[in-house]
Amino acid sequence: MPDIVLIGGGVIGLSIAFELATRGASVRVLDQGPLGQESSWAGAGMITPGDPAGAKSPDTRLRAESFVLWPDWAARLREESGIDTGFARCGGIEFSPDRSASEIAAVAAKFQSEGVRAELIGARELRELEPNLNPELGDAVHLPDYCQVRNPRLLKALLAACTARGAELSPGSPVIGFERSGSRVTSIRTPAETISAGQFVVCSGAWSQSVLAQVGCTIPVVPVRGQIVLLEALPLPTRRILEVGSRYIVPRADGRLLIGSTEEHVGFEKRNTAEAVAELIHFGSELVPSLKAARFERCWSGLRPGSPNGRPYLGRVPNTDNLFVAAGHFRAGLMLSPITAVLLRQMLLRETPSLVLDELLQPR
Ligand SMILES: Cc1cc2nc3c(=O)[nH]c(=O)nc-3n(C[C@H](O)[C@H](O)[C@H](O)COP(=O)(O)OP(=O)(O)OC[C@H]3O[C@@H](n4cnc5c(N)ncnc54)[C@H](O)[C@@H]3O)c2cc1C
């Protein structure tokens, strides 16, 4: 019998499993489909910089704590799996959606007040940093510490590292029921078996609400579809992540560029639409005109686990002793995966928490 069963094998479940397995816990990860192929695969892998000493709100604190864990997390995964996650400090440039100078100055000031290196730049500095961008983009914020990870590689590294550490991985195992004795969950059911364990974690991404409903817990996590377009342009016209509101371009070192992403409330319907693909390509080539000639490689979509304020639910499920949740990471689950793994490890192994969470992060 495993000590801990994780329900969901996306970046959140696999990161928690890896963290627990390195501490000697016996863990099993169940996924209804293949492991690591949902939102965590579909994402863009942007990791926004943060500074724990300067963070002012629970979500910037969480982001900052995760940001400082990333270099060591990526190094540990490379060591344990032999796979390079592509974690890199590529830098980023943020623009105001309406090209408003005051708005972008406020963005720079906010980052600076949180201890993040952020420089307000004009057209001349922008041209020096990134000569291939549209010259009419207006002022921008240069964020030299912006990082990225190649999330499909991150997932491969997590799967290999979990296996090397003895975690049991079970794809094709949907959890369809819980058995309880008072406030304890004793086992969970899949169509093929009943699995007992000491503790359980619901980390089922956009599906977490329906999984938790089986034990009478309500968390308002809903699927929010995001579409992405992948282009190839060699040589790369930009080396930095470019962000304009909720749209962005993420250049990969091998000459590919991701253009994302939409936010659509369409239930569990995972597909691309002609309108969104056209809009994303238009957005990309407005920002970097030479992308009009780039090679279209493919497009895809993923279902983010959306929560009302974009913050994840991390904690014990009310009225249970041994059922936990780590879900609702919305647009930041890749970025927040190391800190989520550390916090869940501390909860599950009853260690002193390194971060006291705001009550907003708790499930109701
Ligand atoms: C287009 C797009 C761009 C993004 N860009 C970024 C970014 O740049 N940076 C960032 O930090 N984040 C980004 N995200 C968000 C990030 O991908 C998510 O927050 C993160 O992947 C959530 O991880 P997860 O493990 O909770 O969910 P998922 O990866 O969806 O994994 C949940 C797993 O649970 C399984 N499951 C569901 N129900 C059951 C069940 N009953 N039994 C067993 N298994 C079950 C599913 O099959 C799935 O594999 C992006 C997302 C999208 C879609």
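The values are calculated or read from the model by the stated rules, or taken from the named source; none is laboratory data. Note that the structure is predicted; figures quoted are calculated from it, not measured. For neighbour counting, all protein chains shown are included, and Cβ atoms are generated from backbone atoms with ideal geometry for every residue, glycine included. Accessible surface areas use protein heavy atoms only, side chains included; no ligands, DNA or RNA. Shrake-Rupley method; radii C 1.70, N 1.55, O 1.52, S 1.80 Å.
Roughly speaking, what is the centre-to-centre gap between region 94-123 and region 25-48 when only Cα atoms are used, to the nearest Å? If you average the Cα positions of each part, the centres end up 33 Å apart. Ordering of 7-16, 101-110 by packing is 7-16, 101-110, highest average first (other Cβ atoms within 10 Å, averaged per residue). The relative contact order of the chain comes to 23 percent, based on Cα pairs under 8 Å that sit 6 or more residues apart.
Taking 0.36 nm per residue of sequence separation and removing the Cα-Cα distance, the R124/R298 pair yields an extension gain of 59.2 nm. Using just the C-alpha positions of region 92-144 as equal point scatterers, what log10 of I(q)/I(0) does the Debye formula give at each q in 0.14, 0.16, 0.21, 0.26 1/Å? So the normalised log intensities work out to -0.31, -0.40, -0.68, -0.99.
Give me the net charge for the shell around T22: Cβ to Cβ below 12 angstrom, other residues only, Lys and Arg +1, Asp and Glu -1. So the surrounding residues net to +1. For Q112, put the label point 7 Å out on the Cα→Cβ axis and report which residues of region 236-258 keep their amide N under 19 Å from it. Inside the label zone: nothing. Using a probe of 1.4 angstrom and keeping all protein chains present, the accessible surface of region 116-246 works out to 40 square angstrom per residue. Amide H contacts for V224 (H built 1.01 Å from N in the peptide plane; partners 5 or more residues away or on another chain; cut-off under 5 Å): R304, G306. Of the solvent-accessible surface of region 94-212, computed with a 1.4 Å probe and all protein chains present, 50% belongs to carbon and sulfur. Ordered by 1.4 Å accessible area with all protein chains kept, R78, R345, R240 run largest first as R78, R240, R345.
Rounded to two decimals, the Cα-based Rg/Rh of region 206-364, with Kirkwood Rh, is 1.07. Cα centroid separation, region 204-229 to region 53-90: 25 Å. Taking all protein chains into account, the per residue accessible area for region 292-360 stands at 41 Å² (1.4 Å probe).
Which of S196, L287, C147 sits farthest toward the positive end of the charge dipole of the chain, with +1 on the Cβ of Lys and Arg and -1 on the Cβ of Asp and Glu? Farthest along the dipole direction, towards plus: S196. With 10 Å bins beginning at zero, the pair-distance distribution over Cα atoms of region 215-270 amounts to 21, 35, 24, 13, 5, 1 %. The Cα-based radius of gyration and maximum Cα-Cα distance (Dmax) for region 250-315 are 14.7, 48 Å. Taking every alpha-carbon pair under 8 Å whose residues sit at least 6 apart, region 92-144 reaches a relative contact order of 52 percent. Using the Cβ-Cβ distance between S102 and R239 with R0 = 35 Å, the FRET efficiency computed as 1/(1 + (r/R0)^6) comes to roughly 0.80.
Span-like helix check, the chain: qualifying full DSSP H segments, with Cα axial length of 27 Å or more and mean Kyte-Doolittle of -1.0 or more, are 58-81.
Expressed to the nearest 5 percent, the antiparallel share of DSSP beta bridges inside the chain is 70 percent.
Given a Förster distance of 51 angstrom, what is the FRET efficiency for E279 paired with S354, based on the Cβ-Cβ distance and rounded to 0.05? It comes out at approximately 0.75.
With one equal scatterer per alpha carbon and no solvent term, the Debye-computed log10 I(q)/I(0) for region 1-154 at 0.09, 0.17, 0.18, 0.21 1/Å reads -0.40, -1.06, -1.13, -1.31.
Under the simplified labelling scheme, the E136-N309 pair shows an inter-label distance of 4.0 nm, with each label point 7 Å from Cα along Cα→Cβ. Accessible surface ranking for I83, I241, 1.4 angstrom probe, highest first: I83, I241.
At q = 0.08 Å⁻¹, what log₁₀ I(q)/I(0) does the chain have when each alpha carbon counts as one equal point scatterer in the Debye sum? For the chain at q = 0.08 Å⁻¹, log10 I(q)/I(0) is -0.40. Where the alpha-carbon atoms of region 1-49 are placed on the principal axes, they occupy 36, 28, 10 Å, in descending order. Fraction of C-alpha pairs exceeding 16 angstrom in region 115-196: 73 percent, rounded to a whole number.
Using a probe of 1.4 Å on the protein chains alone, the accessible area found for T60 is around 10 Å².
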